[in-house]
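Structure first, commentary second.
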Amino acid sequence: MPLILPEFNLARFNTLASPVTTRAYVSVASREDIVEAIGVAKEQKLPIVPLGGGSNVVLTDHLNALVVHVNLRGIELVGESDTEVWVRAQAGENWHEFVQYCLNMGWYGLENLSLIPGSVGAAPIQNIGAYGVELESVFAELTAIELASQLPVTFTADGCGFGYRDSVFKGRLKDQYLICDVTFKLQKTPQLVLGYPALAERLAGIPEADITPQQVSEAVCAIRREKLPAPEHTPNAGSFFKNPMVSQAQFDTLKQRHPNIVGYPDAESMQVKLAAGWLIDNAGFKGVSRNSAAVHSEQALVLTNPGKQSAQYVLELAEHIQAAVLERYGVALEVEPRIYPSALP
Ligand code: FAD
Ligand code: NAP
């Protein structure tokens, strides 16, 4: 039986460093541990909150829950063809270390997703994406334990309902499954995605045919290190808001009023994706602090908690920004990370 710890402080387990406690905490390293933890939660009538790297959560107050820290480890090659490999990683593997492992093995497709914090198990939940690549493009399947039945279920991409920073696990199946492992379909021959301006600029000195996946990964890491605060130095939860989608007509109206507004046409939804960072920056928030929370000076989409105070202050700053952006542009910003405990069932 894994050790259940009462009144556990989660400050070290969320990248915003919010010093909140949870009624109970357990670290699980196997499926048997998970089933036993679910049994304890049922007995004690506590909701389960799975936790990976804590990089996409905002913990504002005491959690009346059993936090299940997912620490299942292991990476294995489970299939191979002339051109592709199928690689299974356990949910507790660190995402960036997994990306580097695959690159070293000559398995390609994850390079643009280098240096995203967090765990493999949480990656499908928001269909992580960066520099023009989303997890769904390399996803094969995942196994999750259904909390109600305690039985394992396999989800292929069709069942995951992937969308822009979204999946069925944030919507219809929210809080119903604990993801145990994820299988990826990767390429033996690189198929590089180099279209994002910052990435293209960084690699401009190398002829395109000579660029390697390792160089793409290194370039992504270098850009990210320059632009994003490292959570271990400046606590943050990455982009605090999703980029909002608006109709072409709304974008045209906004463009008339704000000629420099940044928007990208989205072929799938036929809408325009606005750069939320631009909206926040141009509403005057870049570098602004309020109580102990701040807007990052290099990227206004990132809110920080430099003093490691309660994330409640970060949330208050976020609400202030949302109101200002709505008033100025008529655009509602949706918070990207999951807020607890308000989100508990
Ligand atoms: P956690 O924060 O631990 O959990 C997030 C949610 O998933 C919670 O609701 C939790 O209950 C649930 N969960 C976690 N593990 C499991 C599991 N095994 N089974 C079921 N539910 C689970 N995101 C991007 O998409 N692209 C980026 O480029 C990016 N950059 C970032 C940069 C920084 C500096 C930071 C701090 C964050 C960034 N993020 C980015 C957000 C974050 O890294 C990702 O969402 C990541 O996948 C979260 O992983 P995690 O293990 O930390 O999840
Ligand atoms: P950026 O390069 O400054 O670009 C600003 C925004 O414009 C991004 O949000 C990006 O959307 C969009 N964009 C830029 N070029 C685009 C193109 N060619 N086509 C479509 N959209 C384009 O962004 P950044 O803040 O430095 O982040 C770089 C990448 O890392 C982005 O993909 C971003 O999503 C990701 N990231 C995510 C988080 C997170 O917590 N979710 C945190 C840090 C970085 P997209 O965001 O849709 O790509």
Answer with yes or no whether LYS188 is among the charged types (D, E, K, R), within 13 Å of ligand 2 (Cβ to nearest atom) and surrounded by fewer than 16 Cβ atoms within 10 Å (Cβ to Cβ).
no
Run down LEU228, LEU178 and say which single residue is buried (at least 19 other Cβ atoms within 10 Å of the Cβ), of a type in the set (A, V, I, L, M, F, W, C) and away from ligand 2 (no atom under 15 Å from the Cβ).
LEU178
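Residues are listed down the side, and each one gets a yes or a no for (1) within 16 Å of ligand 2 (Cβ to nearest atom); (2) modelled with pLDDT under 95; (3) over 18 Å from the mean Cα position of the chain (by Cα); (4) within 30 Å of ALA198 (Cα to Cα):
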| residue | (1), (2), (3), (4) |
| --- | --- |
| ASN56 | yes, no, no, yes |
| ASN71 | no, no, no, no |
| GLU97 | no, no, no, yes |
| PRO124 | yes, no, no, yes |
| ILE128 | yes, no, no, yes |
Quick count over the range 140-189, residues being touching a residue at least 24 places away in the same chain (Cβ under 8 Å), outside any strand (DSSP E or B), of a type in the set (Lys, Arg) and at negative phi, is 2
Of the conditions (1) closer than 30 Å to ALA41 by Cβ; (2) more than 16 Å from ligand 1 (Cβ to nearest atom); (3) in a helix (DSSP H, G or I), the single one that ASN104 does not satisfy is (1)
Provide a single number: the residues in the range 190-201 that are over 25 Å from VAL78 (Cα atoms) and in a loop (DSSP other than H, G, I, E, B).
4
Among all residue pairs at least 6 apart or on different chains, which show Cβ distances below 7 Å where the first residue, located in the range 226-246, is at negative phi and the second is surrounded by fewer than 20 Cβ atoms within 10 Å (Cβ to Cβ) and of a type in the set (Ser, Thr, Tyr)?
PRO231/SER55; ALA237/SER55; MET245/SER269
Which one of these does ALA204 not meet: (1) farther than 24 Å from LEU301 by Cα; (2) part of a loop (DSSP other than H, G, I, E, B); (3) in contact (Cβ under 8 Å) with a residue 12 or more places away in the chain?
(3)
Condition check: under 18 Å from PRO244 (Cα atoms) and of a type in the set (D, E, K, R). Does LYS273 satisfy that?
yes
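The values are calculated or read from the model by the stated rules, or taken from the named source; none is laboratory data. Everything quoted here is computed from the prediction, not taken from an experiment. So basically every Cβ, Gly included, is an ideal-geometry build from the backbone, and we count neighbours across all protein chains shown.
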